[in-house]
Number of protein chains: 2
Amino acid sequence: MQVQEEINATQANQALFVQMAVTLWDGMNKRVDKLIDELTDEQLAAETAPGRNTGTYLLGHLAAVNDGLLTLMGWGERLHPEMDEPFLKTPDKSGQNFPPVATLKEYWKTINAELGKHISAMQPQDWFTRHMSVSPEDFEKEPNRNKLNVLMGRTVHQSNHLGQMQFLSPRK
Amino acid sequence: MQVQEEINATQANQALFVQMAVTLWDGMNKRVDKLIDELTDEQLAAETAPGRNTGTYLLGHLAAVNDGLLTLMGWGERLHPEMDEPFLKTPDKSGQNFPPVATLKEYWKTINAELGKHISAMQPQDWFTRHMSVSPEDFEKEPNRNKLNVLMGRTVHQSNHLGQMQFLSPRK
């Protein structure tokens, strides 16, 4: 009986920290949603600071990174692999054609809806399995290279760029 | 025996998750260290973008937030509670006197060294206890209001401002 309680307690903790990490991820994506909903297309297309990345580029960049999670997590095929070239492999203002802002916003939402489906289907212990860019052998030695760590790292990455995109809002 | 293995596995996951979150926190603080070491005092005192917070304000803000962790985590007295007024309670450019940049940098490092000592002394399960701003009764209902969640939230907050402070570096 005591053993069963110990199992329950540790399993509850595992479910709890997965929930903490997923909540942080969801919250960050919602903050980006809110910001891009508030900005006009012109505001979003502007530079975040003089000579720095535009909001359009950063939105495409974040959408491409999120799209990449589909394969990295082993959840399925990517929806928009064509975004890697303009938004991951080349810097802003390098002559790449960007989709219109409205299209980018739609991609952002579609990709996140798809991710959400897979995230809800994950059991706590699934998050501690390897991501697809680490071999089973390396994962054996480095169990921190799991799916949950990827999600946490991506949350922090997104926060970094959201901080920059916040400069697109008019000053109060 | 199988039961014991299950307990061991979930406990190992708990330790692993704490390590993942602490590594992310440490990494974020190191990135701020690196940036402020690279910037001259003049660069750090500049606005991150026209009309936005200065680097000095953001450094003071992040240092004050980190200092606040000492009491929030129940680790001890704050080292620099006097930083709340200029860096948390009032916005930048509101006429507050800031300590010189060299002093702020020193505070940042001293505070983080102090936090590091407490962090290393924490056992994995300690991170799942309540932080000091939630009552035992509320914590019973909302176990996500634990110390580890605070650390994760602060990591994301710091990343947001680091993204902005990166604009203080000269453009390449």
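Can you count the Lys pairs in the range A:2-168 whose Cα atoms are under 19 Å apart, with each pair 8 or more apart or on different chains?
Working: A:30/A:105; A:30/A:109; A:30/A:117; A:34/A:105; A:34/A:109; A:105/A:117; A:109/A:117; A:117/A:147.
Count of close lysine pairs: 8.
Gap in Å between the Cα centre of the range A:96-143 and the Cα centre of the range B:1-68?
Cα centres, the range B:1-68 to the range A:96-143: 23 Å.
Looking at the range B:52-98, which residues lose a minimum of 20 Å² of accessible area between their chain alone and all protein chains in place, measuring with a 1.4 Å probe and not counting ligands or nucleic acids?
Hits at the 20 Å² cut-off: B:52.
Return the residues of the range A:141-166 for which accessible area with all protein chains present is lower than in the chain on its own by 20 Å² or more; set the probe to 1.4 Å and exclude ligands, DNA and RNA.
A:143, A:144, A:149, A:152, A:156, A:159, A:160, A:163, A:164, A:166
Just the accessible area per residue of the protein assembly as shown, please: how many Å² with a 1.4 Å probe?
Spelled out: the 1.4 Å probe surface of the protein assembly as shown, per residue, equals 48 Å².
Hey, can you list the residues from the range B:1-29 whose accessible area shrinks by 30 Å² or more with all protein chains present, relative to the chain by itself (probe 1.4 Å, no ligands or nucleic acids)?
With the partner chains in place, the range B:1-29 has these residues losing at least 30 Å²: B:3, B:6, B:7, B:10, B:11, B:13, B:14, B:16, B:17, B:20, B:24.
Using only protein heavy atoms and a 1.4 Å probe, how much accessible area in total is buried between B and A, to the nearest 100 Å²?
Details: alone 9990 and 10010 Å², together 16430 Å².
Counting both chains, the buried surface is close to 3600 Å².
Which value in deg cm²/dmol, rounded to the nearest 500, describes the helix-derived mean residue ellipticity at 222 nm for chain B, given -39,500 (n - 2.57) per DSSP H run of n ≥ 4 and division by the residue count? Numbers along the way, then the final one.
Working: 6 runs with 106 residues, N = 172.
Computed ellipticity for chain B at 222 nm equals -21000 deg cm²/dmol.
How many percent of all Cα-Cα pairs in chain B sit more than 30 Å apart?
Working: 3790 of 14706 pairs.
Considering chain B, 26 percent of its Cα-Cα pairs are separated by more than 30 Å.
For the pair residue B:40/residue A:157, report the inter-label distance in nm, with labels modelled 7 Å from Cα in the Cβ direction.
3.4 nm
With a ≥ b ≥ c the root eigenvalues of the C-alpha gyration tensor of the protein assembly as shown, is it rounded (a/c under 1.5), prolate (a/b larger than b/c) or oblate? Could you put the intermediate results ahead of the total?
On the way: a/c = 2.00, a/b = 1.14, b/c = 1.76.
The shape class here is oblate.
Amide H neighbours of residue A:54 under 5 Å, counting only residues 5+ apart in sequence or on other chains, H built in-plane at 1.01 Å?
Those lying under 5 Å, H to H, from residue A:54 are A:48.
Report in % the part of the accessible area of chain B that belongs to carbon and sulfur, leaving out ligands and nucleic acids; probe 1.4 Å.
Values: 4250 of 8210 Å².
Within chain B, the accessible surface is 52 percent carbon and sulfur.
Note down the relative contact order for the range A:2-168 as a percent, whole number, built from C-alpha pairs under 8 angstrom at least six residues apart. Intermediate values should be presented prior to the final figure.
Numbers: 140 pairs, mean separation 49.8, N = 167.
It rounds to 30 percent for the range A:2-168.
The values are calculated or read from the model by the stated rules, or taken from the named source; none is laboratory data. Because the structure is predicted, anything quoted here is derived from the model rather than measured. Reconstructed Cβ throughout: ideal geometry from the backbone, glycine too, with neighbour counts over all protein chains shown. Surface areas here come from the heavy atoms of the whole protein model, side chains and all, with no ligands, DNA or RNA. Shrake-Rupley method; radii C 1.70, N 1.55, O 1.52, S 1.80 Å.
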